[in-house]
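Undergrad: The structure follows.
Every number here is computed from the coordinates shown, using simple stated rules; none is lab data. For clarity, every value in this text was computed on a predicted model and none was experimentally measured. Here the Cβ positions follow ideal geometry from the backbone for every residue, glycine too, while neighbour counts run over all protein chains shown.
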Amino acid sequence: MLHLPKKMLYALEAVVDIAFNARPDPVQSKEITQRQGIPQRYLEQVMQQLVHTGILKGVRGPRGGYRLARERRRITAGDVIRAISAADMDEDTQIFSSDIGQLVVGPLWLEAQASMLAQLDSVTLEDLCRRANVNCQDEMAASRADFDI
């Protein structure tokens with residue numbers, strides 16, 4: 001089974017959380033940690049990479065946090081994965097040392113990655129927020145109940 005690294009999954013969760021919980025104030029990382037259970041030490045690294053690559057905007061100050069840098073319909077899951085992948089990529093690292101690896105397995109792996117990214121590029125944050133509205137209504141209502149007066 002193919003697995004995405006935790007860092008990429010955390011990035012997707014965090015960005016969807018920000019898109020879903022968009023409001024006048026930026027979303028603070030501690031809120032994302034509480035809602036999604038993402039360890040704070042990973043989350044801050046991920047958020048900085050997403051700011052650096054233009055997925056998020058960081059807002060400073062006591063009520064600071066993170067906002068989407070573009071409309072959620074203009075950011076895809078593929079954009080988020082590429083942002084984290086680019087930050088972690090070491091171009092000098094050669095995965096395959098044999099001819100079979102470089103000439104046969106390597107190209108197959110690149111084709112599989114391209115197919116996966118094409119699928120992720122077809123899904124926007126808007127799409128994921130719609131899924132969250134349908135699938136997570138009870139959980140989201142419970143987390144938002146704390147803010148209702």
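Undergrad: Show me 57-68, 24-35, 106-117 ranked by packing, highest mean number of other Cβ atoms within 10 Å first.
TA: Highest-to-lowest ranking by the protection proxy: 24-35, 57-68, 106-117.
Undergrad: Once you keep just the Cα pairs under 8 angstrom separated by 6 or more residues, what percentage relative contact order results for the chain?
TA: 27 percent
Undergrad: A follow-up question, please. Calculate how steeply helix 6-20 sits against the longest principal axis of the alpha-carbon atoms of the chain, using the helix alpha-carbon long axis, and give the answer as 0 to 90 degrees to the nearest 10.
TA: 40 degrees
Undergrad: If you build the convex hull over the alpha carbons only and average its shadow over all orientations, what do you get for the chain? Give it in nm² to one decimal.
TA: So the Cα hull casts an average projection of 10.7 nm².
Undergrad: Right, here's the next one. Rounded to the nearest 500, what is the 222 nm mean residue ellipticity of the chain from helices alone, with -39500 (n - 2.57) per DSSP H run of 4+ residues and division by all residues?
TA: -17000 deg cm²/dmol
Undergrad: On C-alpha positions alone, give me the angle between the axis of helix 77-88 and the longest principal axis of the chain, in degrees, nearest 10.
TA: Helix 77-88 sits at roughly 70 degrees to that axis.
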